[in-house]
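Undergrad: Take a look at this one; I'll ask things after.
The values are calculated or read from the model by the stated rules, or taken from the named source; none is laboratory data. What you see is a predicted model; the values in this text were computed from it and never measured. Backbone-built Cβ (ideal geometry, glycine too); neighbour counts: all protein chains shown.
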Amino acid sequence: MRLGVVAAIAVGAVGAGFAARADDDGAAVPASPPARPAIAFNRWQEDWSVLADPALQTEPLDSLKYIPLGSDPMTYLSLGLDLRERYEQNDATGFGTRGAPAENYVISRLETHADLHLGPRFQLFSQVESAFAPGKERLTPVDENRLDLEQAFAAYVQPMADGLVRLRIGRQEMGFDLQRFVAVRDGPNVRQAFDAAWVDYETGPWRLIGFYSQPVQNLNLRAFDDYSSGRVTYGGVRVERNDVGPGSLSAYYSRFTQDNARFLTVQGNEGRDIFDVRYAGKLDDWDWDLEAMGQTGQIRNQSIRAWAFGNLVGYTFATAFWSPRLGLQFDGASGDSRPHDGVLETFNPLFPNGYYVTLAGYTGYVNFIHLKPSVTLHPLPSLTILAAVGAQWRQTTADAVYTQPNVAVAGTAGKAGSYTGTYGQFRLDWRATSHVSTAVEAVHFAIGDAIRRAGGHDSDYLGVEIKYGW
């Protein structure tokens, strides 16, 4: 299930060796040779040095997955690509309040990469992206990017004091936890990259992280025109601890700045101080992921005080037919309850993950309360089926209803009616092979009176997707 996908951030160990174990009489014996790596969400975390063993070169083009560059098996070049095609049918963005027509279109994304390993400690990774949306009439910056540099960074790993220091510098992608607020943005066509410096230190159950970035702004005027600047920055420090009871605990402070930010009641240079804490884990058949974020700061002549939370709790009947998991999702984010009082309470969702609610984009993580029971089935190990019903309200009627990521629905701010609507969601994910996966998602959103009075209507979304990774 997508909500279970957590995009890891640390640079993976660049080398893989033959581990050793002790048998019953204490003698060390070699472990089994490593298997072929799986295609990863973050392609730079793959380690294809195992193909130095000719017995594991079992697929066509394996000679391009592992190109040795000398006698050291850890010095090699690996090539790869990802192709995603998704057909989308959408009644209207913004529930039709801006006269947006129903659309049927395809979003197409091709990514190619080259991964150079210079021994067990150095890595140079580059990835180029080409994204198009044929048939889509209203294009946004996340829909098309004809050809641009998605990632290009250098990474270094160094043992230090019973731990590892990992450093990554350059254009890169990053996401925290379930990517509620800091995401790779894999749902839309153009993913989110950062021109950044990243360092973390891992020792035992602890992990300490520091990062500074300028988020990449996507253009589509010509090839290789994406850019970053000091007009938008994001950086912070984070600490993680495993084995806190049956789960893991993390907390971080970050700082987000943006020149000429626009909200419904204020426009100006924005600076937010962000505090986040998360606890996630699994105990027997229970699983959970709990997160809360607070934001303070300044925009123009107004103070900022905003908050959000996200909770996922589930119970899996592991021995039952199809291993059903019953889940409950409960989320919320603040809106501006008293406009023009000198305090902006509208939450900034930063770099959100559309997968977290639905791919339809009908829900932004701003000024909302969200309750969503669900059931997930596993008819096959490679097949997952999700059915859910979600209900939404505004946290305050003084602020607007928002769609993904933080677009106000025209004519809803300050209008009566806290109930936003109810939606049904069906999603099917099938891992057809180690290289090919497919997904189908359908959403029907029945709107509340506040949106209907603003000229909106019930909306339907259908997405059919196929992915290929090599």
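Undergrad: Criterion first (touching an Asp or Glu at 6+ places or on another chain (Cβ under 8 Å) and either at pLDDT 95 or above or within 18 Å of Pro379 (Cα to Cα) (or both)) does Tyr423 satisfy it?
TA: Considered against the rule, which asks whether it is touching an Asp or Glu at 6+ places or on another chain (Cβ under 8 Å) and either at pLDDT 95 or above or within 18 Å of Pro379 (Cα to Cα) (or both), Tyr423 comes out as no.
Undergrad: Moving to a separate point now. Just for segment 231-286: of the residues that are β-branched (Val, Ile, Thr) and without any contact (Cβ under 8 Å) to a residue 40 or more places away in the chain, which one is farthest from Glu173 (Cα to Cα)? Please lay out each step first, then the result.
TA: If we filter segment 231-286 for residues that are β-branched (Val, Ile, Thr), which is where we start, we get 232-233, 237, 239, 244, 257, 265-266, 274, 277.
With the extra rule that they be without any contact (Cβ under 8 Å) to a residue 40 or more places away in the chain, the set shrinks to 232-233, 237, 239, 244, 257, 277.
Working: Val232: 16, Thr233: 14, Val237: 17, Val239: 19, Val244: 28, Thr257: 19, Val277: 21 Å.
Applying the filter and picking the extreme gives Val244.
Undergrad: If you don't mind, another one. In this structure, is Arg278 of a type in the set (D, E, K, R), assigned to a strand (DSSP E or B) and surrounded by 17 or more Cβ atoms within 10 Å (Cβ to Cβ)? So that I can check it myself, show each step before the final result.
TA: Numbers: of a type in the set (D, E, K, R): yes; assigned to a strand (DSSP E or B): yes; surrounded by 17 or more Cβ atoms within 10 Å (Cβ to Cβ): yes.
In short, yes.
Undergrad: Would you mind finding the one in Glu150, Glu202, Glu129, Glu111 that is in contact with a Lys or Arg (Cβ under 9 Å, 6 or more places away or on another chain), closer than 30 Å to Trp288 by Cβ and outside any loop (DSSP other than H, G, I, E, B)?
TA: Glu202
Undergrad: Another question about this same structure. With respect to the numbered conditions (1) modelled with pLDDT of 95 or more; (2) of a type outside the set (A, V, I, L, M); (3) farther than 20 Å from Gly187 by Cα; (4) surrounded by 18 or more Cβ atoms within 10 Å (Cβ to Cβ), which one is the sole condition not fulfilled by Phe122?
TA: Looking at each condition in turn, Phe122 falls short on (4).
Undergrad: For residues in segment 281-304 being charged (D, E, K, R) and within 25 Å of the chain's Cα centre (by Cα), which is surrounded by the fewest Cβ atoms within 10 Å (Cβ to Cβ)?
TA: Lys282
Undergrad: If you don't mind, another one. From the list Ser254, Ser250, which residue is farther than 28 Å from Asp143 by Cβ, of a type in the set (Gly, Ala, Ser), within 22 Å of the chain's Cα centre (by Cα) and crowded, with 19+ Cβ neighbours inside 10 Å?
TA: Within the list Ser254, Ser250, the selection yields Ser250.
Undergrad: Output the number of residues of segment 315-345 satisfying the condition of being surrounded by fewer than 19 Cβ atoms within 10 Å (Cβ to Cβ) and among the polar types (S, T, N, Q).
TA: 4
Undergrad: Another one. For segment 40-53, enumerate the residues that are aliphatic (A, V, I, L, M) and assigned to a loop (DSSP other than H, G, I, E, B). So that I can check it myself, show each step before the final result.
TA: Start the filter on segment 40-53 by keeping residues that are aliphatic (A, V, I, L, M), which leaves 40, 50-52.
Listed by number, the list holds a single entry, Ala40.
Undergrad: Identify all residues within segment 187-220 that are crowded, with 20+ Cβ neighbours inside 10 Å, over 20 Å from Gln258 (Cα atoms) and out of contact with any strand residue (DSSP E or B) (no Cβ under 6 Å at 6 or more places or on another chain); write none if there are none.
TA: Once the filter is applied, which keeps residues that are crowded, with 20+ Cβ neighbours inside 10 Å, over 20 Å from Gln258 (Cα atoms) and out of contact with any strand residue (DSSP E or B) (no Cβ under 6 Å at 6 or more places or on another chain), segment 187-220 yields Gly187, Pro188.
Undergrad: (1) surrounded by fewer than 17 Cβ atoms within 10 Å (Cβ to Cβ); (2) of a type in the set (Gly, Ala, Ser); (3) under 24 Å from the mean Cα position of the chain (by Cα): which one isn't true of Ala223, the others all being true?
TA: Evaluating Ala223 over (1) surrounded by fewer than 17 Cβ atoms within 10 Å (Cβ to Cβ); (2) of a type in the set (Gly, Ala, Ser); (3) under 24 Å from the mean Cα position of the chain (by Cα) leaves (3) as the failure.
Undergrad: Specify the residue that is nearest to Gln123 (Cα to Cα); the eligible residues are those in segment 54-79 that are of a type in the set (A, V, I, L, M, F, W, C) and assigned to a loop (DSSP other than H, G, I, E, B). Write out each step before concluding.
TA: Applying the first criterion (of a type in the set (A, V, I, L, M, F, W, C)) to segment 54-79 yields 55-56, 61, 64, 67, 69, 74, 77, 79.
From what's left, assigned to a loop (DSSP other than H, G, I, E, B): 61, 69, 74.
Values: Leu61: 22, Leu69: 13, Met74: 10 Å.
Ranking the qualifying residues of segment 54-79, first place goes to Met74.
Undergrad: Select from segment 183-204 the residues that are among the β-branched types (Val, Ile, Thr) and in contact (Cβ under 8 Å) with a residue 40 or more places away in the chain and write down the one among them that is nearest to Arg241 (Cα to Cα).
TA: In this case the residue turns out to be Thr203.
Undergrad: Moving on to the next point. Being within 25 Å of the chain's Cα centre (by Cα) and not charged (D, E, K, R): is that true of Ala100 here?
TA: No: the conditions fail for Ala100.
Undergrad: Out of the residues in segment 158-213 that are more than 21 Å from Ser126 (Cα to Cα) and polar (S, T, N, Q), state the one that is nearest to the chain's Cα centre (by Cα).
TA: Within segment 158-213, the match that is nearest to the chain's Cα centre (by Cα) is Gln179.
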